[in-house]
Amino acid sequence: MATQMTDGHRRFLQVLMSHGIMEGSVARTLHRDCCEIHKVYYAHDKLDDFINVVNIHVQPFFMQIRKGMSEDDGRTYYALVNLAETEITKMASDYTENELELFRKTMDVIIISESGFASSTDILNLADQLKTKKMKKKEAEQVLQNLVQDKWLSERDGEYTLHTRCIMEMEQYILSNYQDLVRKCNICHSLAIQSQVCETCGIGMHLPCAGKYFKAQTEPHCPHCNEFWPHEIPEINRPDSQLPSSALRERRRTPSSGTRRH
Amino acid sequence: MAQRRRSKGPGPSQGELLAAEEDFAPTQSASQVQRSLERLSPAQVDQKVSELVQYLLVKDQKKIPIKRADILKNVIKDYRGVYSEIIKRAGRTLQQVFGLQLVEIDPKHHIYILVSNLPRLEVENLKQDDCTAKLGLLTVILSFLFMKGNAAKESAVWEMLRRLRVDPGVRHEVFGDVKKLVTEEFVRQKYLEYNRIPHTDPPEFEFQWGARAVKETSKMQILRFVAKIQNKDPRAWSTQYTEAAAEEAAVGGLFQDVNTPGDTGGASQGARRRTW
């Protein structure tokens, strides 16, 4: 069994390192190209094995290529993450003390919120109350822009949530730091920042997971307590459809009337 | 020259002085290193190697050259005695796992960059974003410099760019502050050198290729780029062609045995071809 790194693996690793995160179909194309260029054994359905070889070799450096799902469109993504979870290590060198504080406080708001989003107004208010060093509006706006560009946050209609890359990279950190304040998806059991929540028993689901689970059911019921599921079920489109995010956006605004997380 | 660098570089202005003190890695004989190594457990040394690899990768992602002083201060710390061993192993690991080479671009000040070891492709599928546009601009500048005999006055470079509708005095849609990008960012990343021409008053500056550009591309690749745009054979420029071929021969058979797809008469063939 081949567990040696080849130039094919190294090229894949270099490209993924420069992207940070990569959508599934792009990763599969890259896999094919890397194997072709360096004449490495290629099987189109063995991407995960290929990645495992890389992971064996990068593990001593607390790195890992992880597979995750976007909360927006349910698509698979591959990201190179840093496993050292004692602090936000990768970010630490890119951002100043007060910028990191702003990010952490924004993350608090996002995680505690019902919707998984923080409005830009919320964030600008936070900027004004930072302990390390207050930040003016213009500065905070620039920091937000940088955070979005570096894929720690993603923005939609002036509201901010955690980027898929951020969730994949910081899942362990978030789970251990926020514990009961965060929700896990009842279907896939991963961390859920955006979710639909049962109003009776409080379990939550990712929107794409809900879409898949309740597919074509006329009367969806909570898998846990069997009560009527009060939310509009997101439509799961084909991966190459243009519409998924806008379709899901509409559903998100359906009121989940003031349920408190417990 | 050191004067100019200090004011243009990022980092503290007194950095140069402090760095000189911190940048002390005791030179030891091989046997002294061996004895120091024996006192430490293999796990401890491995740990340091692993930390150094991570540190180098993170620093290099931003394309800022890495100073030895910073490595000693932030990673090596008390393990200075075995610095040479740690850096040797880190270099080996970077090659074996990542296909990256640790290159010392400034042997006097001990400054490093990481360069890909993998055979260069005609079309690289690295991140397509603003970075691609910047690299495109850089390639145009590097080409201009090479065709002009490896150096050109600042004014000539701006004139050339203006003809391409990139004006250093006007905020550009993609590049923003063009002057800052070219004279600061590219210089900081060691893609370009921006040096004062002696005995000029008011001071004039000229551009040359930086150490990173020298490592990441080659005269032959740039010449081929120019030839492709102008739809001519690279040999149409005999002076430049001779120079590019000489550089290839000097570098040696690094790419001789690689057959890359879409290879427009790649570096490998260039090295073997005799032109003079």
Practice task
Only residues that are at the interface with chain B (Cβ under 9 Å from one of its Cβ atoms), closer than 15 Å to A:V81 by Cα and assigned to a helix (DSSP H, G or I): list them for the stretch A:13-38, please.
Solution key: A:L13, A:Q14, A:V15, A:M17, A:S18, A:H19
Exercise for the section: Please work out which residue is nearest to the chain's Cα centre (by Cα), limiting yourself to the stretch B:33-43 and to residues that are under 16 Å from B:S84 (Cβ atoms) and part of a helix (DSSP H, G or I). Expected result: B:V33
Handout entry: Selection status of B:Q221, under 21 Å from B:K134 (Cβ atoms) and among the polar types (S, T, N, Q)
Key = yes
Exercise for the section: Within the stretch A:180-212, work out how many residues are assigned to a helix (DSSP H, G or I) and buried (at least 19 other Cβ atoms within 10 Å of the Cβ). Expected result: 5
Exercise for the section: Using the structure shown, decide if B:I64 is within 19 Å of the chain's Cα centre (by Cα), among the aliphatic types (A, V, I, L, M), surrounded by fewer than 19 Cβ atoms within 10 Å (Cβ to Cβ) and at pLDDT 75 or above. Expected result: yes
Problem - Failed item in (1) in a strand (DSSP E or B); (2) modelled with pLDDT under 95, with B:E193 passing the rest - result: (2)
Handout entry: Any chance B:V157 is assigned by TED's automatic domain parsing to the domain that holds B:K63 and at pLDDT 90 or above
Key = no
Practice task
Could you grab me the full set of residues in the stretch A:35-54 that are closer than 18 Å to A:T76 by Cβ and either crowded, with 17+ Cβ neighbours inside 10 Å or touching a residue at least 24 places away in the same chain (Cβ under 8 Å) (or both)?
Solution key: A:L47, A:F50, A:I51, A:V54
Problem - Unmet requirement for A:K151, which otherwise passes all of (1) farther than 17 Å from A:A118 by Cα; (2) assigned to a loop (DSSP other than H, G, I, E, B) - result: (1)
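Within the stretch A:96-112, does at least one residue satisfy the condition of being facing chain B (nearest Cβ under 10 Å), over 24 Å from A:C185 (Cα atoms) and in contact (Cβ under 8 Å) with a residue 12 or more places away in the chain? Before you say what the answer is, go through the steps one by one.
Looking only at the stretch A:96-112, we keep the residues that are facing chain B (nearest Cβ under 10 Å), and these are none.
No: the stretch A:96-112 contains no residue that is facing chain B (nearest Cβ under 10 Å), over 24 Å from A:C185 (Cα atoms) and in contact (Cβ under 8 Å) with a residue 12 or more places away in the chain.
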Practice task
Go through A:E159, A:E232, A:E171, A:E227 for me and flag whichever is in contact with a Ser or Thr (Cβ under 8 Å, 6 or more places away or on another chain) and under 24 Å from A:M22 (Cβ atoms).
Solution key: A:E171
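Conditions (1) assigned by TED's automatic domain parsing to the domain that holds A:G20; (2) in contact with a Lys or Arg (Cβ under 9 Å, 6 or more places away or on another chain); (3) modelled with pLDDT under 90, marked per residue:
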| residue | (1), (2), (3) |
| --- | --- |
| A:N52 | yes, no, no |
| A:R66 | no, no, no |
| A:Y77 | no, yes, no |
| A:N82 | no, yes, yes |
| A:R104 | no, no, no |
| A:S115 | no, yes, yes |
| A:L124 | no, yes, no |
Exercise for the section: Select from the stretch A:39-62 the residues that are within 13 Å of another protein chain (Cβ to nearest Cβ) and β-branched (V, I, T) and list them in ascending order. Expected result: A:V40, A:V53, A:V54, A:I56, A:V58
Exercise for the section: Check B:Q269, B:Q221 and return the single one that is modelled with pLDDT under 85, on the phi < 0 side of the Ramachandran plot and either part of a helix (DSSP H, G or I) or in contact with a Cys (Cβ under 7 Å, 6 or more places away or on another chain) (or both). Expected result: B:Q269
Exercise for the section: Can you confirm whether the stretch A:120-134 contains a residue that is away from every other protein chain (no Cβ under 14 Å), touching a residue at least 40 places away in the same chain (Cβ under 8 Å) and either of a type outside the set (A, V, I, L, M, F, W, C) or over 30 Å from B:L94 (Cβ atoms) (or both)? Expected result: yes
Handout entry: Conditions (1) more than 29 Å from A:D73 (Cβ to Cβ); (2) assigned to a helix (DSSP H, G or I); (3) in contact (Cβ under 8 Å) with a residue 12 or more places away in the chain: number failed by A:R10
Key = (3)
Practice task
Working only within the stretch A:1-34, note down all residues that are surrounded by fewer than 17 Cβ atoms within 10 Å (Cβ to Cβ) and over 24 Å from A:E169 (Cα atoms).
Solution key: A:M1, A:A2, A:T3, A:Q4, A:R32
Practice task
Tell me which of these A:Q145 doesn't satisfy, since it passes every other one: (1) free of Cβ contacts under 8 Å to residues at least 12 places away in the same chain; (2) away from chain B (no Cβ under 14 Å).
Solution key: (2)
Handout entry: Spans of helices (runs of 4 or more DSSP H) in the stretch B:56-160 with at least 3 residues within 14 Å of chain A (Cβ to nearest Cβ) and in contact (Cβ under 8 Å) with a residue 40 or more places away in the chain
Key = B:83-93
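Pull up the stretch A:63-77, narrow it to residues that are free of Cβ contacts under 8 Å to residues at least 60 places away in the same chain and either in a helix (DSSP H, G or I) or surrounded by fewer than 20 Cβ atoms within 10 Å (Cβ to Cβ) (or both), then point me to the one that is nearest to the other protein chains (Cβ to nearest Cβ).
Here the residue is A:Q64.
The values are calculated or read from the model by the stated rules, or taken from the named source; none is laboratory data. Note that the structure is predicted; figures quoted are calculated from it, not measured. Heads up, the Cβs are rebuilt from the backbone with ideal geometry, glycines too, and the neighbour counts pull from every protein chain shown.
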